[in-house]
Structures are given as C-alpha cells and as structure tokens.
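Structure record follows, encoded as structure tokens.
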Amino acid sequence: MHNKSIAQLSASLRGGEFSSTELVRHYLERIKNLDERLNCFVTVAGDQALQAAEMADQRLREGNAGPLTGIPIAHKDIFCTSGVKTSCGSRMLDNFVSPYDATVVERLQNAGAVMLGKTNMDEFAMGSSNETSYYGPVHNPWDTDRVPGGSSGGSAAAVASRLCSGATGTDTGGSIRQPAALCGITGMKPTYGRVSRYGMIAFASSLDQGGPLTRSAEDAAHLLQAMVGFDHRDSTSADEPVPDYSATLDEDLRGLRIGLPKEYFDEGLDSGVGDAVMAAVDEYRKMGAEVVDTTLPNTGLAVPTYYVVAPAECSSNLSRFDGARFGYRCDDPDSLEDMYVRSRGEGFGPEVKRRILIGTYALSAGYYDAYYLKAQQTRHLISDDFKQAFDKVDVIMGPTSPTTAFAIGERSNDPVTMYLSDIYTIAVNLAGLPGISVPTDLVGGKPAGLQIIGNYFQEAKLLNVAHRLQQVTDWHLAVPEGF
Ligand code: GLN
C-alpha cells in the first residue's frame, strides 16, 4: 500500500480495494517500526487519525469523496493543530497545544486528508539540517548517518521513507526544496501569498510560505490544490484565481524556454550534482525545450541579504515568547524580568538565540540604515534580476542544493557553511517567486535535486514541467533501501 502514489491510493480507496482505516493502520504500523531509526515524528496522533479515517470511509461509502479523502499525510510541527501539540521543534513550545487549526490544516482536513502526526523540524524552522531541533536530529533514510536537510527535514524523510503519502512543510529560505532534494522527493514552495500563513508559526513573515512535499509532481498538484486560496485571516494572502493544477500536468513542453543562470553553476557546486542537473536538462531538450543562457547577477547578495532580513523579522516575531503568554516558563522566577530572561534563555536553543541577537542588532537605531535598510535595497536588486530573466525565459533551472546530504555533525559548528546550503534557494524567497525541487539522478547513491523556478503564480506551469520529467524518467521512483 505504501508504495502507491496519492492518485493510486485514491483510486484504490474509491474502488473499495482497502479502506482508509486499513491504510492508516498500515502507515501507523510503519511509523512504529521504522521511525526509531529516523526520528521524523515529534507526535504521532494515532487515535485522531483513526477517527478521521473512519469519517473518510463514511464519505467514501456515501460516494462524496474527493481526491484526498482518506489519504494519510503528516504536518510539519509548525502548523497549529487543535488538540495535538505544536512544538515548532522547540523546548519553548514543548507544552503548547493550539486552540485552533492553521488554515492549511483546516483545508486539508476538509478535503478529507487524514493527519498521522506532526513532523520534526529545525527549531522555529531555523536551519538546513534538522540538527537544531529540541527533539534531536532527523536521519536521512538514504544514509542514516546523514542529515535529511532542513528545516522541513522530518516531513521530507517521512515522505521518502514511505511513512506517509505526503506532507506539508514551510520554506523561508529553502526549507521545503532543500530537504526534498536531499531526501529524493518533490517539494514545492509556492508564490508568496498563495498559501495562507494563518496558524503557521511565524519565522520571517515576508519570506515564509507553506507548501507540499510528495513523491511526485502529480501528488504535489493534489496536495497544493487543497492548500491554496485566499484567506482573509492572513493579510498577505493573495486574492488570485486558483487554477486546476492537475488539469495541465500533461501539457506539451515544445518551445519551453529554460534559463540556466551561470551563477548557479559556480565553483561551490559539487560536480556530481551539476552533472545530475544537466542530465535532467537534457531530458527537457529531448522534449523540445530550448535552453537559454541567462544571468542573475546579484545571486551573491542573496545569502547576506537573507541573514539580515530573516533574523530581523524573527527577532520581532519571537518576542511574543516571553514566558507569560505562550509555552515554556522557567521555575520560580524572582521578578518579572527574571521570568522573561530565564524563560527565553532556557526555552530557546543556540541557533534561535543567534538569530534573535543578529536581528535585534540589525534593527537597533544606530545600525538600521547600515544593515536593515541596505538589505531591503539589495532585496530589490535580487527581485529585479528575476524580472529581467523572465522577460526571456519561461522557467529557470539549476541545482536545488550545492551538495548531496552531508554527515550529521559535519556543519553544525560552522554556521556560515551551513547557511551556504541554501545559496540557490534563498533568492527565490527574497523575490517571492514559486520554486519546485524534483529528484534527478542519484549521485554516489544519494539523491540530488533539480530546482525549477517560475514567475509569480506559475505553480501550474512548474508542476507541468516537473511532471513531464517524471513521465520520461524514473528518478522519483527510487526508494531508500530498507524502507
Ligand atoms: N536554512 C535557512 C535558515 O536557516 C532557511 C530555513 C527555512 O527555509 N525555514 O534560515
């Protein structure tokens, strides 16, 4: 059962081959047997899942099921779920049970999807390796000594190891695409505003965007369809028409203009990953696409710009965790100030503290112009690069991440090397564009990702382009041994 795609599962459920309850039991059993090796889940919500499966079975019997009815999925532990703990990978929220559901959670639930549990993640989504989680690192199913990427590493590893059919994630600087690449699955970061941020714990509000992690682009189309749409509870939600993402998956790609930015094939790129990316590009050539050399000249400014903007926004967003209103409170504070200081000091881990310090510094009156204002200006330059590129091309392609999965511990004491893991993904968030990572060929037995970037609200095009590749190659069907 667990090797079937979402579309196949949906057909089996409707055909009565097995029930959602049987399917959910099967996945819960897999989680019980296999997750000890991976640590993908912070919380497994078995009882709730079986209740939801029963309701799905009823809908299936009544004949009013949709494509996601009865399909078992997992949510990154950054999405608020009423009645089930939402930790955000932090000690700060280790005891937090939200009184309401995030819009994404509510919409997927209304579509009939069954939540198996909440997945592990870097603390407050700050990281590229899942090593900053309060709940310990997630292990990559392709090699359990290696990281799955981050911050949606639990979701990516769970999908890759077939512990769920699909999962949600969030991407502030690459956290859906990079772990998707390192785990050999498909992950999409939609256009900023496409997916509601309501109930999605904020890291950097002008960059955060939720999206699906799945085994294929076709599955991604199904999950995304249920996630998107205007939400009046998110002031940056886009009120744009929602296309039928599955309807255009098969469109012909003859004449598609693919831009390969020279800055994405620099000396920092592992040569094996580069070859795997070009193997995918060759498949598009065979389908009649045209490859155009292009340039994104301000790519080098993306990481430094992000590491001013994201910490600045996080220092503001995370000020709400003060020991008074949410989550962790220290024992026996002797004054109000002592309560703030010790609750935050004990509740947050080192990476989160580093970001809060950098952000507070960058926003301080004396340095605001030198750092924050400057970063806003360079952010514009980065967006303009894409605008100019999209005058000449339909999509931009390149690697998702410069290397395959690295060893657990290898980069944890070297923040700058860690930050460079997102060198090809971060600019997309700064510009607010959609991007998808799809598996290419394995490199030394480990997955590598092709990143496809589209113009604003071109999710349907990206899914179409990704799906066509998956029709002519079987890279996305590779399963890690032992799972
Ligand atoms: N790795 C980046 C960071 O640490 C991006 C994280 C994300 O996209 N949430 O901030």
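The values are calculated or read from the model by the stated rules, or taken from the named source; none is laboratory data. Keep in mind it's a predicted model, so treat the numbers as computed, not measured. No Cβ is skipped: glycine too gets one built from the backbone with ideal geometry, and neighbour counts run over all protein chains shown. Keep in mind that these areas ignore ligands, DNA and RNA; they rest on the heavy atoms of the full protein, side chains included. Shrake-Rupley method; radii C 1.70, N 1.55, O 1.52, S 1.80 Å.
Pick out, from segment 373-476, the helices (runs of 4 or more DSSP H) lying fully within it that include 2 or more residues that are within 16 Å of the ligand (Cβ to nearest atom), modelled with pLDDT of 95 or more and in contact with a Lys or Arg (Cβ under 8 Å, 6 or more places away or on another chain).
Helices (runs of 4 or more DSSP H) meeting the threshold: 426-431.
Taking each residue of segment 231-260 that is over 25 Å from residue 282 (Cα atoms) and looking for partners that are part of a loop (DSSP other than H, G, I, E, B) and open to solvent by 50 Å² or more (accessible area, probe 1.4 Å) with beta-carbon atoms closer than 6 Å, six or more apart or interchain, yields 231/198; 233/198; 234/198; 237/230; 239/230; 240/457.
Please state which of the following conditions residue 89 fails to meet, knowing it meets all the rest: (1) under 18 Å from the mean Cα position of the chain (by Cα); (2) in a strand (DSSP E or B); (3) not charged (D, E, K, R). Here residue 89 meets the rest and fails (2). Is segment 6-19 home to any residue that is under 23 Å from the mean Cα position of the chain (by Cα) and modelled with pLDDT under 95? So far as segment 6-19 goes, yes, one or more of its residues are under 23 Å from the mean Cα position of the chain (by Cα) and modelled with pLDDT under 95.
Could you tell me whether segment 292-304 includes any residue that is closer than 30 Å to residue 199 by Cβ, within 16 Å of the ligand (Cβ to nearest atom), open to solvent by less than 10 Å² (accessible area, probe 1.4 Å) and of a type outside the set (Gly, Ala, Ser)? No, segment 292-304 has no match at all.
Any chance segment 305-314 includes a residue that's open to solvent by 50 Å² or more (accessible area, probe 1.4 Å), under 23 Å from the mean Cα position of the chain (by Cα) and at pLDDT 95 or above? There is no residue in segment 305-314 that is open to solvent by 50 Å² or more (accessible area, probe 1.4 Å), under 23 Å from the mean Cα position of the chain (by Cα) and at pLDDT 95 or above.
If you go through segment 193-203 and pick out every residue that is surrounded by fewer than 23 Cβ atoms within 10 Å (Cβ to Cβ) and within 15 Å of the ligand (Cβ to nearest atom), you end up with 1. Which one is surrounded by the fewest Cβ atoms within 10 Å (Cβ to Cβ) among residues in segment 361-400 that are aliphatic (A, V, I, L, M) and over 15 Å from residue 454 (Cβ atoms)? Among those that are aliphatic (A, V, I, L, M) and over 15 Å from residue 454 (Cβ atoms), it is 365. Where residues in segment 114-127 are hydrophobic (A, V, I, L, M, F, W, C) and open to solvent by less than 10 Å² (accessible area, probe 1.4 Å), which of them is farthest from the ligand (Cβ to nearest atom)? Checked segment 114-127; the qualifying residue farthest from the ligand (Cβ to nearest atom) is 114. Annotation note: of 217, 221, 180, 157, the sole residue that is over 15 Å from residue 434 (Cβ atoms) and under 16 Å from the mean Cα position of the chain (by Cα) is 157.
To keep it simple, each residue is scored yes or no on (1) within 30 Å of residue 467 (Cβ to Cβ); (2) hydroxyl-bearing (Ser, Thr, Tyr); (3) assigned to a helix (DSSP H, G or I).
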| position | (1), (2), (3) |
| --- | --- |
| 11 | yes, no, yes |
| 17 | yes, no, no |
| 23 | yes, no, yes |
| 26 | yes, no, yes |
| 29 | no, no, yes |
| 37 | no, no, yes |
| 47 | no, no, yes |
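Remark: pairs (first residue in segment 348-368, within 22 Å of residue 93 (Cβ to Cβ); second residue acidic (Asp, Glu) and part of a loop (DSSP other than H, G, I, E, B); Cβ separation under 9 Å; 6+ apart in sequence or on different chains) = 351/122; 351/131. On the stretch given as segment 216-241, residues that are more than 20 Å from residue 77 (Cα to Cα) and open to solvent by less than 70 Å² (accessible area, probe 1.4 Å) total 12.
For first residues located in segment 407-425 and of a type in the set (Lys, Arg), partners that are near the ligand (Cβ under 10 Å from one of its atoms) and part of a helix (DSSP H, G or I) and lie 6+ apart or on another chain with Cβ distances below 8 Å form the pairs 411/418; 411/421.
As for segment 162-182, it holds no residue that is at pLDDT 95 or above, in a strand (DSSP E or B), basic (Lys, Arg) and more than 16 Å from the ligand (Cβ to nearest atom). Against the definition (closer than 15 Å to residue 154 by Cβ, open to solvent by less than 30 Å² (accessible area, probe 1.4 Å) and at pLDDT 95 or above), how does residue 71 come out, yes or no? Considered against the rule, which asks whether it is closer than 15 Å to residue 154 by Cβ, open to solvent by less than 30 Å² (accessible area, probe 1.4 Å) and at pLDDT 95 or above, residue 71 comes out as no. For residue 148, the criteria (1) surrounded by fewer than 22 Cβ atoms within 10 Å (Cβ to Cβ); (2) touching a residue at least 40 places away in the same chain (Cβ under 8 Å); (3) of a type outside the set (Val, Ile, Thr) hold in every case but one, which is (1).
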